[in-house]
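The values are calculated or read from the model by the stated rules, or taken from the named source; none is laboratory data. Here the structure is a predicted model, which means the values were calculated and not measured. No Cβ is skipped: glycine too gets one built from the backbone with ideal geometry, and neighbour counts run over all protein chains shown. Just so you know, the surface numbers come from the protein's heavy atoms only, side chains and all, with ligands and any DNA or RNA stripped out. Shrake-Rupley method; radii C 1.70, N 1.55, O 1.52, S 1.80 Å.
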Amino acid sequence: MSDTVRNVTRGPRPALPGTQPTQARDIEAMIRVDQAGEFGALRIYEGQLAVLSRTHPGSADVAAIRQMAAQEQKHFDVFDRMIKDRAVRPTALEPVWRAAGFALGAATALMGEKAAMACTVAVEDVIDEHYSRQIERLDRNEPELKATIEKFHADECAHRDEALERGAQQAPGYPLLSAAIRMSCRLASALSERL
Ligand SMILES: [Fe+2]
Ligand SMILES: [Fe+2]
């Protein structure tokens, strides 16, 4: 027992039991879900553009969606880089989000431009809550990750504001559509943290 005491008192100060690994796991889960979420967002916009660039070529809404998609691509690239640099296991659900994201985007776009905007508002609302929670939880140990999420959070809120200005709330069946999309996004997010 005296050996143990000597080791503990003379060695480097030990981490509180269980705090280090849990924190590392938390950060990994954050990066995993964020990379998955940005990928999903990108696929939603790709689905919307596949439909709207045919049904509404040259519309201002299509141009706006293109700009949002370009930002989602940048967000995704940053988290994808982090996944590789930090050797984080990516979500196993990538094929699901690839298909489901595109399908959600295409389906809402088939309902019309306003429904496509309603989809963006619902998705970005969930992402707003999600990134806000992460920003709150991140401490001084992860300044770069925190600054990245803060920047992306601002972009997502701007996407929501733009979609609202473009008449999202005038979409037919807005409350139901919005509630269904929010529920799906929360489920997707919870699954991607774990799987
Ligand atoms: Fe994004
Ligand atoms: Fe976004």
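Total lysine pairs in the chain at Cα distances under 24 Å, for residues eight or more apart or on different chains: 5. The slack in the chain from SER184 to ARG98, taken as 0.36 nm per residue of separation less the alpha-carbon distance, amounts to 29.5 nm. Scaled against 2.2 N^0.38 Å for its residue count N, the alpha carbon radius of gyration of the chain is 1.23. For TYR131, the solvent-accessible surface with a 1.4 Å probe is about 0 Å², rounded to the nearest 10. Only the Cβ atoms of Lys and Arg (+1) and of Asp and Glu (-1) were treated as charged; on that basis the dipole of the chain about its Cα centre amounts to roughly 620 debye.
Taking every alpha-carbon pair under 8 Å whose residues sit at least 6 apart, the range 91-195 reaches a relative contact order of 44 percent.
A Förster distance of 30 Å, applied to the separation of the beta-carbon atoms of ARG86 and ASP155, puts the FRET efficiency at 0.85. Residues in the range 155-164 carry Karplus couplings, in order, of 4, 5, 5, 5, 4, 4, 4, 5, 5, 5 Hz; the curve used is 6.51 cos²θ - 1.76 cosθ + 1.60 with θ = phi - 60°, and Gly or Pro positions show x.
Candidates ALA118, PRO172, LEU187 compared by Cα position along the dipole of the range 39-195: farthest toward the positive end lies LEU187, with charges placed on Cβ.
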